[in-house]
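See structure below.
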Amino acid sequence: MRAEKDGSEGTGETVGYDDERPVRRDQAVREAVEQGLLGPDDPIVALLDVTGIRESAAELRSAFEAVTPPGTRVLHAFAVKATPLVPVLRLLREEGIGAEVASPGELALARAAGVEPERTVLDSPAKTPAELREALALGIAVNADNPQELARIDALVGSGVPRSPLGLRVNPQVGAGSIEALSTATATSKFGVALRDEGAREWVVRAYLERPWLTRLHAHTGSQGVALELMARGVAQTYALAEEINRRAGRRQVDTVDIGGGLPVNFASDATRPTYAEYARVLRETVPGLFDGRYGLVTEFGRSLLAKHGTVVARVEYAKSAGGRAVAVTHAGVQVATRTVYAPGAWPLRIAAYDAKGRPKEGPAVVQDVAGPACFAGDLLAREQSLPLLEQGDYAAALDAGAYYFAHHYAYNSLPRPAVYGFVPDGRGGVAFALVRRAQTTQEIVRESGGDHPDALVQGLRP
């Protein structure tokens with residue numbers, strides 16, 4: 001590791017730069033071509049750097065171990081929505097990371113990966129009675145989102161003592177970051193109980209005093225575009241509320257604070273910024289009482305654990321020019337990078353150029369567009385990006401795509417989901433690949449699109 005000057009969002013500190021990650025990535029792309037995972041008949045593939053994922057998990061654990069007393073209960077629960085793939089969840093489980101789920105599907109994925117109920121947290125603004133019953137039966141931690149949901153839990157708990165750790169999500173209303181759609185602690189956010197609304201804070205305190213089994217308090221302030229100081233301010237507001245509840249209860253009723261996740265990711269370079277260690281230090285400086293051993297902690301990081309360790313590589317099917325600008329038409333577009341295509345200003349992606357053999361391409365930088373395969377003009381992975389000129393048969397790689405990209409398929413034009421492979425150095429100078437998810441077939445696309453019921457509308461509705 002070497003230090004690189006690269007100001008962290010919200011900190012301005014010098015942070016670490018992983019020299020090995022780009023090297024592993026380049027080698028994996030080359031080997032994917034050589035081993036036939038990429039080529040004319042398989043023009044798009046997603047690659048996951050298993051070594052990098054393990055390193056991120058270790059960095060997260062050590063960052064919070066450094067700011068908490070020995071014996072502090074800390075659960076790091078991966079936000080499954082970031083990369084909902086069972087082998088990824090299993091890998092993280094082996095690295096000591098649990099699961100934060102927000103739907104029946106995500107819970108099923110976590111259970112399929114072997115994540116234990118006691119290491120699972122259910123968060124969602126729209127939980128059904130059936131979801132709540134299942135979570136309570138399994139002993140999964142639940143954060144209620146609002147008074148109506150808490151009333152549902154009341155009915156399910158009755159006069160008994162729930163197996164599940166139960167809490168309430170609050171919105172500290174500390175403001176928005178630079179991406180409004182991802183700011184969860186604004187005055188009008190749909191999440192949690194808005195603490196600054198008239199009477200809300202007192203309602204929350206009374207809710208705890210009336211329910212001894214409410215022992216957790218949850219808030220999620222951060223996400224992409226939110227500075228560390230704003231995230232810490234939201235945690236501070238949540239901690240102050242926990243202290244007030246415990247003071248008025250005359251005992252330590254709230255014993256765990258769930259601080260959510262949302263650490264932003266640097267998409268501008270290979271540098272990791274901000275780091276978990278920086279965030280943990282900011283938290284300890286801002287909210288020292290939360291780190292004195294009296295409270296257990298839960299985190300729910302997602303994007304920051306996986307983003308830097310995923311790459312989508314697509315073959316250049318055609319290279320052309322329009323209006324004097326070079327355009328590389330590839331097989332990666334809106335179906336894998338939906339946010340980038342529809343909101344490129346907020347979600348820009350870096351593109352790396354590789355030649356037909358999967359080697360980093362050399363040559364003078366040329367301003368060019370990297371287009372996807374979908375049939376609309378805005379389907380662009382990158383606009384006016386300076387790269388060595390991409391030619392037919394070359395490969396364009398979307399970097400930092402390990403979260404919210406290849407695992408969130410958008411079925412425009414009925415384009416198939418790409419195969420996903422994890423990779424590690426094989427110890428002999430090469431790369432070993434493991435299939436995480438196979439490519440979707442056209443037969444599966446037909447089946448998902450009602451292919452088993454072709455006559456439903458021409459025969460099935462006749463009187």
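The values are calculated or read from the model by the stated rules, or taken from the named source; none is laboratory data. Predicted model, so just to flag it, every value in this text is computed and none were measured. Here the Cβ positions follow ideal geometry from the backbone for every residue, glycine too, while neighbour counts run over all protein chains shown.
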Of all the strands (runs of 3 or more DSSP E) wholly in the stretch 1-57, which have at least 3 residues that are at pLDDT 95 or above? 44-49
Check LEU263, LEU297 and return the single one that is of a type in the set (A, V, I, L, M, F, W, C) and under 30 Å from PRO418 (Cβ atoms). LEU263
Given the condition under 30 Å from ALA326 (Cα atoms), touching a helix residue (DSSP H, G or I) at 6+ places or on another chain (Cβ under 6 Å), of a type in the set (Asp, Glu) and at pLDDT 95 or above, answer yes or no: does some residue in the stretch 358-378 qualify? no
When both residues are 6+ apart or on different chains and their Cβ atoms are under 9 Å apart, which pairs have a first residue that lies in the stretch 81-105 and is under 15 Å from ILE140 (Cα atoms), and a second that is part of a loop (DSSP other than H, G, I, E, B) and among the hydroxyl-bearing types (Ser, Thr, Tyr)? VAL101/SER124; ALA102/SER124; SER103/SER124; PRO104/THR128
Only one of VAL420, VAL431, VAL424 is of a type in the set (A, V, I, L, M), surrounded by 15 or more Cβ atoms within 10 Å (Cβ to Cβ), touching a Ser or Thr at 6+ places or on another chain (Cβ under 7 Å) and touching a residue at least 12 places away in the same chain (Cβ under 8 Å). Can you tell me which? VAL424
Out of ALA456, ALA403, report the one residue that is more than 30 Å from ALA79 (Cα to Cα) and among the hydrophobic types (A, V, I, L, M, F, W, C). ALA456
Looking only at the stretch 128-153, filter to residues that are at pLDDT below 95 and part of a loop (DSSP other than H, G, I, E, B); which one of those is surrounded by the most Cβ atoms within 10 Å (Cβ to Cβ)? ASP145
So, in the stretch 107-123, exactly how many residues are on the phi < 0 side of the Ramachandran plot and in a loop (DSSP other than H, G, I, E, B)? 4
Can you go through SER304, SER223 and tell me which one is under 19 Å from ALA58 (Cα atoms), among the hydroxyl-bearing types (Ser, Thr, Tyr) and in contact with a Leu (Cβ under 9 Å, 6 or more places away or on another chain)? SER304
More than 30 Å from TYR421 (Cβ to Cβ), out of contact with any Lys or Arg (no Cβ under 6 Å at 6 or more places or on another chain) and at pLDDT 95 or above, is that true of LEU92? no
What single numbered condition from (1) within 23 Å of SER56 (Cα to Cα); (2) out of contact with any strand residue (DSSP E or B) (no Cβ under 8 Å at 6 or more places or on another chain) fails to hold for THR72? (2)
Return yes when GLY234 is at positive phi and surrounded by 23 or more Cβ atoms within 10 Å (Cβ to Cβ) and no when it is not. no
Suppose the filter is buried (at least 18 other Cβ atoms within 10 Å of the Cβ) and either in contact with a Cys (Cβ under 7 Å, 6 or more places away or on another chain) or not polar (S, T, N, Q) (or both); does VAL121 pass it? yes
Does the stretch 268-276 contain at least one residue that is out of contact with any strand residue (DSSP E or B) (no Cβ under 6 Å at 6 or more places or on another chain), of a type outside the set (S, T, N, Q), surrounded by fewer than 18 Cβ atoms within 10 Å (Cβ to Cβ) and closer than 30 Å to GLN385 by Cβ? yes
For the stretch 435-450, check the following and say yes or no: at least one residue is over 28 Å from the mean Cα position of the chain (by Cα), among the small types (Gly, Ala, Ser) and farther than 27 Å from ALA28 by Cα. yes
Among the residues of the stretch 156-172 satisfying the criterion of being of a type in the set (Val, Ile, Thr) and not in a strand (DSSP E or B), which is surrounded by the most Cβ atoms within 10 Å (Cβ to Cβ)? VAL157
Would you mention how many residues in the stretch 58-89 are assigned to a helix (DSSP H, G or I), under 26 Å from ASP19 (Cβ atoms) and of a type in the set (A, V, I, L, M)? 5
State whether one or more residues within the stretch 329-336 are under 18 Å from the mean Cα position of the chain (by Cα) and either closer than 22 Å to VAL50 by Cβ or modelled with pLDDT under 95 (or both). yes
Candidate set: the stretch 357-407, residues that are touching a Lys or Arg at 6+ places or on another chain (Cβ under 7 Å) and hydrophobic (A, V, I, L, M, F, W, C); chosen: the one farthest from VAL329 (Cα to Cα): ALA403
For ARG211: the one exception among (1) at pLDDT below 95; (2) touching a helix residue (DSSP H, G or I) at 6+ places or on another chain (Cβ under 9 Å): (1)
